[in-house]
Amino acid sequence: MDLQEKMNLSYLFISHDLGVVSHISDRVGVMYVGHMVELADTVKLFARPMHPYTEALLSAKPIADPRLKKEKILLEGETPNPAKPPSGCYFHPRCRYKCDVCAKERPEYRELEKGHFVACHRAEELTLDGVFRS
């Protein structure tokens, strides 16, 4: 084992500013109401999110090129009370992709691609918009 392998640094950085997160993080975990909904390498997560909440967060990230237009996803409704969360998926009351199962069953947190974890019933069928790391 060489010196570089011995000198790993890990830290937890919590932020709502995904612009900063994209510059300082190798991996990103997205939480909603205290639960991890997505985890992946930064480049993968920004290019191809698999959870609708991640897609909404990324839609708010400014794009440096004024010629490029991107729809901002405005979430309707209120963030649920963690002490009294909704049934099923906590995000379903605000999700534009929800289906019947979302209100009934909490989604399993699973690895859909190597190193890319998500908790969403519809993750396999959705193609969500991302942004590229700038």
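The values are calculated or read from the model by the stated rules, or taken from the named source; none is laboratory data. Worth saying up front: this structure is predicted, and the values here are computed from it rather than measured. Backbone-built Cβ (ideal geometry, glycine too); neighbour counts: all protein chains shown. Surface areas here come from the heavy atoms of the whole protein model, side chains and all, with no ligands, DNA or RNA. Shrake-Rupley method; radii C 1.70, N 1.55, O 1.52, S 1.80 Å.
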Q: With respect to SER15, determine if the residue is out of contact with any Asp or Glu (no Cβ under 9 Å at 6 or more places or on another chain), hydroxyl-bearing (Ser, Thr, Tyr), within 23 Å of GLY130 (Cβ to Cβ) and loosely packed, with under 14 Cβ neighbours inside 10 Å.
A: yes
Q.
Any residue at all in the range 98-105 that's open to solvent by less than 90 Å² (accessible area, probe 1.4 Å), over 25 Å from ASP17 (Cβ atoms) and outside any helix (DSSP H, G or I)?
A. yes
Q. Taking the range 116-134, which residues are open to solvent by 20 Å² or more (accessible area, probe 1.4 Å), in contact with a Leu (Cβ under 8 Å, 6 or more places away or on another chain) and assigned to a loop (DSSP other than H, G, I, E, B)?
A. GLU124, ASP129, GLY130
Q. Scanning the range 29-83 for residues that are among the polar types (S, T, N, Q) and open to solvent by 80 Å² or more (accessible area, probe 1.4 Å), which turns out nearest to ALA123 (Cα to Cα)?
A. THR79
